[in-house]
Structure formats: C-alpha cells, structure tokens
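Data block below; observations after.
The values are calculated or read from the model by the stated rules, or taken from the named source; none is laboratory data. Fair warning: this is a prediction, and the values are worked out from it, not measured in the lab.
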Amino acid sequence: MTYNLLFLQQMVESMKPGSVVVDLAAEAGGNIETIKPGELSVHKDVIHIGYTDLPSQLPTQSSTLYANNLSKLLLSFGACIHLGCIDELLTILKIL
C-alpha cells in the first residue's frame, strides 16, 4: 500500500533551516516526497526522520528517560539523608 504525498519537495524546501519532519508512513513509501524510508536524512537543511520502525523505538526511549529521572530522585534521597533534611523531603513527596 502506498500513501499519497502530502508534502512535496518545494514545500519542504520552503521550510526554515533546522525544521524537522517525521514521516510515520515511511514504511509504505511515505507522505513526504523527500523522505528516504528507513533513514534519518537532511534535505535543504530540513531534518527528515523516515524510520520504518519508529514505534518500536519509543518504548526504549521512554524507559531510559524514566530510569534517568528515577535515579536522580534516588540520588537526591541519599544527599538529603546525608544532610539531614529528611522532613523536607518527605513533605515534598507527600505533595507529589
């Protein structure tokens, strides 16, 4: 199945440098004329994300971000225990 082109080359070229386009239909040929399915590419200073497996990459990214936030929280617990500010920490956690 192929999709209709929604963004033609001249439309992409009229975008500001540094703009980003993501084509969720890249696997089937895409909706953006300048997309390269399966690749991250740049056309006229516009970044194209044409990954064909984009949805499968998101859970890993989410898990990494969550783990990073959780580790920062736990490290702040350690600092609070060391500095003796447990009461303030527990007050903040009750609010959350």
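Applying the selection to the stretch 18-35, what residues are over 19 Å from the mean Cα position of the chain (by Cα) and not in a helix (DSSP H, G or I)? Even if it seems obvious, please write down each step before you answer.
Going residue by residue through the stretch 18-35, those that are over 19 Å from the mean Cα position of the chain (by Cα) are 28-34.
Across the stretch 18-35, the qualifying residues are Gly29, Gly30, Asn31, Ile32, Glu33, Thr34.
Which residue is farthest from Pro17 (Cα to Cα), if the candidates are limited to the stretch 37-68 and must be part of a helix (DSSP H, G or I) and at pLDDT 85 or above?
Checking each candidate, the answer is Ala67.
Scan the stretch 1-17 residue by residue and report those that are not hydrophobic (A, V, I, L, M, F, W, C) and not in a loop (DSSP other than H, G, I, E, B).
Within the stretch 1-17, the first condition is being not hydrophobic (A, V, I, L, M, F, W, C), and the residues that meet it are 2-4, 9-10, 13-14, 16-17.
Gln9, Gln10, Glu13 - these are the residues of the stretch 1-17 that are not hydrophobic (A, V, I, L, M, F, W, C) and not in a loop (DSSP other than H, G, I, E, B).
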